[in-house]
Each structure stands twice: as C-alpha cells, then as structure tokens.
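What follows is a set of notes on a single structure, which appears directly below.
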Amino acid sequence: MKKPDKVKLSKDGSSIDFVQSDSLPTSIKKFRQSPEIEGFYRFILENDLRAEGNEILERIIQRRKLDKEEASKKGKKAKA
C-alpha cells in the first residue's frame, strides 16, 4: 500500500505544495514529528537543501515562541 504524498513539487519545480492536517502540534517535539514536517524533511533530503531547511525551521520555531510570549503578556495584562 502506497502512502499518500505529503509534499508535491510542481512540474517546473518553481513551487512546493504541502498537504496539511487540521490541527497544529503544540510542542516542538510534536511539531517536528508531524506528517507535514516529515514530508518537509523528506523533500529537503531528496533535494539536498539541508542548510535552507534548517533556516526555515528555525524561523518557524522562533516565530511560534514570540507568538506564545505575546499571548502570555496579553493574558497577564488582562488579569491586571
């Protein structure tokens, strides 16, 4: 039985299409083990884009941390 493709590259190679699930993982460990990221890692490996892939993941993780901190600050202000 063939697994459905999580990552699809356009025929001309100019764009990538990811199949997304409905829920976002909450922890970094779960985020890295999600099907979308698994497909992302496979695409990176097959196309020898490790440095670029690492930069993208670091930006995503950093943005999520900032969003979480901002939400925490807003929660504390609302309580005060």
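Residue-by-condition table, conditions (1) surrounded by 13 or more Cβ atoms within 10 Å (Cβ to Cβ); (2) more than 27 Å from SER14 (Cβ to Cβ):
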{"position": "PRO35", "(1), (2)": "yes, no"}
{"position": "GLY39", "(1), (2)": "yes, no"}
{"position": "GLU46", "(1), (2)": "no, no"}
{"position": "ARG59", "(1), (2)": "no, no"}
{"position": "ARG63", "(1), (2)": "no, no"}
{"position": "GLU69", "(1), (2)": "no, yes"}
>> Testing LYS2 on (1) part of a loop (DSSP other than H, G, I, E, B); (2) at pLDDT 85 or above, one condition comes back false. Which one is that?
In response: (2)
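The values are calculated or read from the model by the stated rules, or taken from the named source; none is laboratory data. All values reported here derive from a predicted model rather than from experimental measurement. Cβ coordinates were reconstructed from backbone atoms using ideal geometry, including for glycine residues, and neighbour counts include every protein chain displayed.
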